[in-house]
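Step one of this worksheet: look at the structure below.
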Amino acid sequence: MSASASNYERLMMIDLRSDTVTKPTPGMRAAMAQAEVGDDVYGEDPTVNALEAKAARLLGKDAALFVPTGVMANQLCLRLHTRPGDEVLVEGTAHIIRYEGGSASALSQVQLCCIDGDRGLLTADGVLAAIRPKDVHNPPTTLLCLEQTHNFGGGSVYPLSTIREITKLAGDQGLALHLDGARLFNAAVATGVSAAEFAQPFDTVSFCLSKGLGAPVGSLITSTRDRIAKLRRLRKMFGGGMRQAGILAAAGLYALEHHVTRLQEDHENAKSFALQLQQVPTVYVDPDHVETNIIVFEVVRSDRSTQELLQAFKENGVLLNAIGDHLFRAVTHLDVSNADVEQATHKIGKVLANA
Ligand SMILES: *Cc1c(COP(=O)(O)O)cnc(C)c1O
């Protein structure tokens with residue numbers, strides 16, 4: 001290991017790259033250690049069954065399916081709702097198109113139609129214009145996917161009224177409706193609208209346990225009993241049938257019991273981070289755009305490249321992700337305190353003052 005690498009390790013890193021970096025808390029680890037388990041492919045894991053029942057109840061759906069990742073959740077739903085050659089409507093910076101390794105085309109042989117959004121959010125007019133007329137020349141538009149909150153959009157939240165308007169018109173045109181609700185509970189906590197209300201218009205809704213909720217692994221899909229039965233078979237086909245998965249499901253149950261309302265703290269820390277960053281002379285950030293736990297900010301007037309800045313932040317103990325040219329993303333989570341975001345602002349300010 002190089003000397004500089006071990007120096008980083010001696011520093012207390014403030015890791016703002018993603019809310020996926022959270023580590024299981026002692027309480028969560030204890031719940032995992034004590035979990036009752038069985039073979040979940042046989043439907044015999046009581047802890048997985050309890051997690052699926054709880055997820056279905058929370059989202060107001062009949063049934064749920066525990067899957068290893070959020071990508072698998074989305075891709076199973078794409079497969080369920082489409083046939084090869086179909087077209088799926090997504091916003092142009094959606095997770096499904098940017099961050100899922102091309103799996104929609106590889107696994108379901110569909111094409112994605114990208115619609116321009118505003119910080120990731122679509123309008124009813126934009127969706128309507130993208131639905132193709134039924135014609136032998138055209139791919140059949142059969143599915144619309146929305147994302148709540150919108151990751152690349154900076155944690156932006158779809159208002160319930162917009163969701164209702166878009167899903168009503170797409171549903172009237174015969175499209176199936178999927179919600180990539182990776183951070184659905186962030187939206188619920190930020191708005192006071194329940195996860196079930198947001199989920200209600202959709203045929204399938206997925207959410208992640210492994211983001212701000214703090215579990216090490218796992219996502220859920222919620223839907224009708226009939227669709228969940230089909231998804232269960234597809235999960236096996238995609239290689240996602242797990243055995244004594246109750247150890248993981250116990251972490252998810254613990255997260256749903258203990259880590260939902262505390263998301264508010266992450267949102268408060270994100271907002272205060274944005275307000276502090278705004279005071280740094282060469283940072284541009286709009287605190288009004290920080291609705292949940294994601295902060296997007298730009299460094300202006302810097303001679304250093306994006307990569308050089310990332311490296312300098314890291315050497316000073318702050319880990320961030322770049323999402324564009326001099327454009328950085330920070331995400332608050334369970335393992336980041338208000339004092340940490342103050343420290344992070346101080347360190348970022350120091351790096352930029354030595355530009
Ligand atoms: C994280 C995320 C996913 C799933 O990612 P995994 O790493 O596979 O769990 C899906 N959609 C959005 C919007 C996400 O942020």
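We did not get these values from a lab; they are worked out from the coordinates using the rules stated. Note that the structure is a prediction, hence the values are computed from the model and not measured. Cβ coordinates were reconstructed from backbone atoms using ideal geometry, including for glycine residues, and neighbour counts include every protein chain displayed.
Where does the chain land at 222 nm, in deg cm²/dmol rounded to the nearest 500, when only DSSP H runs of n ≥ 4 count, each adding -39500 (n - 2.57), divided by all residues?
Details: 15 runs with 152 residues, N = 355.
Taking each H run of at least 4 residues, the total per residue is -12500 deg cm²/dmol.
Connecting C-alpha atoms closer than 10 Å in a GNM of the chain, tell me which of THR141, THR224, THR93 has the biggest fluctuation.
The residue that fluctuates most here is THR224.
Express in whole angstrom the spacing between the alpha-carbon centres of the stretch 292-307 and the stretch 268-285.
11 Å
Classify the chain as rounded, prolate or oblate from the Cα gyration tensor: take a ≥ b ≥ c as the square roots of its eigenvalues, call it rounded if a/c is under 1.5, otherwise prolate when a/b beats b/c and oblate if not. Kindly include the intermediate steps, with their values, before the conclusion.
Working: a/c = 1.90, a/b = 1.30, b/c = 1.47.
Taking the square roots of the gyration eigenvalues as a ≥ b ≥ c, the chain is oblate.
Within the chain, which is the longest segment containing none of the trypsin sites (Lys or Arg not before Pro) that sit in a DSSP loop and have at most 10 other Cβ atoms within 10 Å?
Details: sites that count: LYS134, ARG301.
It runs 135-300.
Restricting to the stretch 36-190, what percent of DSSP beta bridges are antiparallel, rounded to 5? Don't skip to the end; give the middle numbers.
Numbers: 2 of 15 bridges.
Beta bridges within the stretch 36-190, antiparallel portion: roughly 15 percent.
Could you work out the relative contact order of the chain, using alpha carbon pairs under 8 angstrom and six or more residues apart, expressed as a whole percent?
Details: 712 pairs, mean separation 87.3, N = 355.
In percent, rounded to a whole number, it is 25.
Rounded if a/c is under 1.5, else prolate if a/b beats b/c, else oblate: with a ≥ b ≥ c from the C-alpha gyration tensor eigenvalues square-rooted, which is the stretch 106-237?
oblate
In nm, give the distance between the simple-model label positions of ASP335 and ASN138, each being 7 Å from the Cα along the Cα-to-Cβ direction.
4.8 nm
Please work out the C-alpha center-to-center distance from the stretch 85-156 to the stretch 220-256 and express it in whole Å.
25 Å
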